[in-house]
């Protein structure tokens, strides 16, 4: 697959087929067939041989067979696995809709590849230090060790929905969803977010 070019890409597309729900790629362990010149940029755009993939249906198709093993990403079918590059997270969380109120509120996200993900105990939020800025980068767990970077605009929405709670004697600022609390930072550091 390393030198298959467009033919290899078409072959992979045909093997994947059209599915509404992502296939169980986390259960597949086909042979590794090399690297393919595909990259997911930090802004969530997908590129093949240096050119952006403009067809959203094609991007969704590839996203449905994306698998992470350790710190590497692969496109996987039942018969082959090819490595790709991912600059940060493979997906972006691009919209947020709170459903319910109070303790029953669930934050429901949509990704740039149209996954709808309720933030809960299976789909957690994590907040990582942002290199060089002193800020925080939020991520949402989408499925099987695949994460979405929450866009800056949605991060501000999360901050607006945030609250301070005392956990194990420490006051933490974070956001609640589906009965879970996801800490962002110590409460006294919130002014720096």
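Things worth noting here:
- Evaluating residue 115 against the criteria (1) out of contact with any strand residue (DSSP E or B) (no Cβ under 9 Å at 6 or more places or on another chain); (2) on the phi < 0 side of the Ramachandran plot leaves one unmet condition, (1).
- The number of residues in the stretch 136-187 being outside any strand (DSSP E or B), farther than 27 Å from residue 26 by Cα and out of contact with any helix residue (DSSP H, G or I) (no Cβ under 9 Å at 6 or more places or on another chain) comes to 12.
- On the stretch given as the stretch 19-59, residues that are under 17 Å from residue 88 (Cβ atoms) and assigned to a loop (DSSP other than H, G, I, E, B) total 5.
- Out of 107, 140, 125, one residue alone is surrounded by 19 or more Cβ atoms within 10 Å (Cβ to Cβ), in contact (Cβ under 8 Å) with a residue 60 or more places away in the chain, closer than 28 Å to residue 60 by Cβ and not assigned by TED's automatic domain parsing to the domain that holds residue 44. It is 107.
- Taken over the stretch 51-77, the criterion of being touching a residue at least 60 places away in the same chain (Cβ under 8 Å) and more than 24 Å from residue 110 (Cα to Cα) is satisfied by 77 alone.
- Residue within the stretch 83-99 that is farther than 16 Å from residue 175 by Cα and part of a helix (DSSP H, G or I) present: no
- Hey, residue 100 exposed (fewer than 15 other Cβ atoms within 10 Å of the Cβ) and more than 29 Å from residue 125 (Cβ to Cβ) or not: no
The values are calculated or read from the model by the stated rules, or taken from the named source; none is laboratory data. Because the structure is predicted, anything quoted here is derived from the model rather than measured. Virtual Cβ from ideal backbone geometry, glycine too; neighbours counted across all protein chains shown.
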